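Asker: Just dropping this structure here.
The values are calculated or read from the model by the stated rules, or taken from the named source; none is laboratory data. Computed from a prediction, not measured in an experiment: that's the story for all the values here. Quick reminder, even Gly has a Cβ in these numbers, built from the backbone with ideal geometry, and neighbours come from all protein chains shown. Protein only, heavy atoms only, side chains kept; ligands, DNA and RNA dropped before computing areas. Shrake-Rupley method; radii C 1.70, N 1.55, O 1.52, S 1.80 Å.
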Amino acid sequence: MRRSLIMGVGSALPERVMTNDDISKIVDTSDDWIVERTGIRSRHIASDAETTRSLGTLAAQRALADAGMAAAEIDLIIVATSTPDLTFPATATLIQADLGITGGAAFDLQAVCSGFIYALTTADALMRCGQSASALVIGSETFSRILDWQDRATCVLFGDGAGAVVLKTGEGQGSNADRGILASCIHSDGRYSDKLYVDGGPSKTGTVGHLRMEGREVFKHAVTNIAAVMEETIAAAGIRADDIDWFVPHQANRRILEGTARKLGISAERIVITLDRHGNTSAASIPLALDAAVKDGRIKRGNLILMEAMGGGFTWGAVLARY
Ligand code: ACO
């Protein structure tokens, strides 16, 4: 059975770090409030020179180096982003050019915070059907550009960054002992599009717009939807929550990720948490967390990892992989 193997992982963060105290000089908030409600202590904020493209390219180069593969081997690039450099062409094609790749296909995928899960699922499907042999799946965001820096309820939550994985097809036995992506489930429900959205866009307003959110509503749906899709994905692979070595969630809010882990009986020591220093980087948060835990030696080859996310749309999903 054809499997999509994770060959390498990389990430990139803007140079500038913005602490909660820095934000409290802009809006009426405090380090205590932000830490208690979210777990976030600081985030990275892109300079004018740092963009979704430049951060994504750097993360991709680091993932390729980690995989020991040449850019020329890549025949598919998917960039999950809600903050592209330009309305078009896709940031994926800009990164393709930066990497010196001239063949294959490159496109952006927009599923907000669930973007990386959607992109992994899409790449895996294209690889298993033989359309692609080696793919770069990138989550890259500059959410600082779409924040309303006068809205304390949202501007404290997000940060900028990028993460990438290199996938390559390999043969497995078809069992959950195989390496690679073992199961994935994605969902959406557009009835909730007004709970978390950006109030601008090319067709409706001709502007970029700002992020708007009903935080409590999002919170309520997040724990329910994420726990359900995690259970669905675990069941699809025929494993038990106990078998999971590392839970690598989308980094939105410490209470959301600890609440969902608790619902499934995953212990706190097995959760990879980077939101304290990254904030919520939307589609970039899972590969950023994955890279941190691989590089510090927590995630090892053969480990079973469960990734999940929920975001605007609403969209949500989970991917189970053996690293
Ligand atoms: N600093 C100080 N006070 C604040 C701040 C702030 N940064 N933001 C809001 N407040 C105030 C509000 O004005 C309100 O004051 P009031 O009671 O006088 O009216 C009070 O704090 C409570 O506000 P709530 O919005 O009800 O606070 P809540 O406890 O729900 O926490 C939060 C807000 C952290 C946004 C929470 O709802 C949440 O995490 N929701 C999930 C949202 C999320 O993670 N979105 C990311 C995208 S989706 C995803 O990735 C899953």
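Asker: Collect the residues in region 243-260 that are away from the ligand (no atom under 14 Å from the Cβ) and in a helix (DSSP H, G or I), keeping them in residue-number order.
Answerer: ASP243
For every residue, the table says whether it meets (1) open to solvent by 20 Å² or more (accessible area, probe 1.4 Å); (2) under 17 Å from the mean Cα position of the chain (by Cα); (3) more than 16 Å from the ligand (Cβ to nearest atom).
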site: ILE117; (1), (2), (3): no, yes, no
site: ALA123; (1), (2), (3): no, yes, yes
site: MET127; (1), (2), (3): no, no, yes
site: ASP148; (1), (2), (3): yes, no, no
site: GLY163; (1), (2), (3): no, yes, no
site: VAL166; (1), (2), (3): no, yes, yes
site: GLY170; (1), (2), (3): no, no, yes
site: LEU182; (1), (2), (3): yes, no, yes
site: GLY201; (1), (2), (3): no, no, yes
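Asker: Please verify whether ASP85 is part of a loop (DSSP other than H, G, I, E, B) and among the acidic types (Asp, Glu), treating the condition exactly as stated.
Answerer: On the way: part of a loop (DSSP other than H, G, I, E, B): yes; among the acidic types (Asp, Glu): yes.
Yes.
Asker: Restricting region 271-291 to residues that are closer than 24 Å to ALA177 by Cα and open to solvent by 10 Å² or more (accessible area, probe 1.4 Å), which is farthest from the ligand (Cβ to nearest atom)? Talk me through it step by step, then tell me what you get.
Answerer: First, the residues of region 271-291 that are closer than 24 Å to ALA177 by Cα: 271-272, 286-287, 289-291.
So of that shortlist, the ones also open to solvent by 10 Å² or more (accessible area, probe 1.4 Å) come out as 271, 291.
Numbers: ILE271: 15, ASP291: 19 Å.
Top of the filtered list is ASP291.
Asker: Just to check your reading of the model, which residue among LYS300, LYS263 is assigned to a loop (DSSP other than H, G, I, E, B), over 17 Å from THR121 (Cβ atoms), open to solvent by 10 Å² or more (accessible area, probe 1.4 Å) and out of contact with any Leu (no Cβ under 8 Å at 6 or more places or on another chain)?
Answerer: Residue meeting the stated conditions: LYS300.
Asker: I'm trying to understand the selection: among the residues of region 116-141, which are over 15 Å from VAL165 (Cα atoms) and touching a Lys or Arg at 6+ places or on another chain (Cβ under 7 Å)?
Answerer: ARG128
Asker: I'd like to know if region 89-100 contains one or more residues that are in a loop (DSSP other than H, G, I, E, B) and either of a type in the set (Gly, Ala, Ser) or not assigned by TED's automatic domain parsing to the domain that holds GLY163 (or both). Steps first, answer last, please.
Answerer: The initial filter retains those residues of region 89-100 that are in a loop (DSSP other than H, G, I, E, B), namely 89-90, 99-100.
Next cut, either of a type in the set (Gly, Ala, Ser) or not assigned by TED's automatic domain parsing to the domain that holds GLY163 (or both) only: 90, 100.
Yes, because at least one residue in region 89-100 is in a loop (DSSP other than H, G, I, E, B) and either of a type in the set (Gly, Ala, Ser) or not assigned by TED's automatic domain parsing to the domain that holds GLY163 (or both).
Asker: Just one of ASP48, ASP32 is of a type in the set (Asp, Glu), in the same structural domain as PHE107 (by TED's automatic domain parsing) and either open to solvent by less than 50 Å² (accessible area, probe 1.4 Å) or within 11 Å of the ligand (Cβ to nearest atom) (or both); which is it?
Answerer: ASP32
Asker: Across region 303-323, what is the total count of residues that are surrounded by fewer than 24 Cβ atoms within 10 Å (Cβ to Cβ) and within 13 Å of PHE247 (Cα to Cα)?
Answerer: Count: 6.
Asker: What's the total number of residues in region 223-242 that are open to solvent by 60 Å² or more (accessible area, probe 1.4 Å) and in a helix (DSSP H, G or I)?
Answerer: Total satisfying the criteria: 6.
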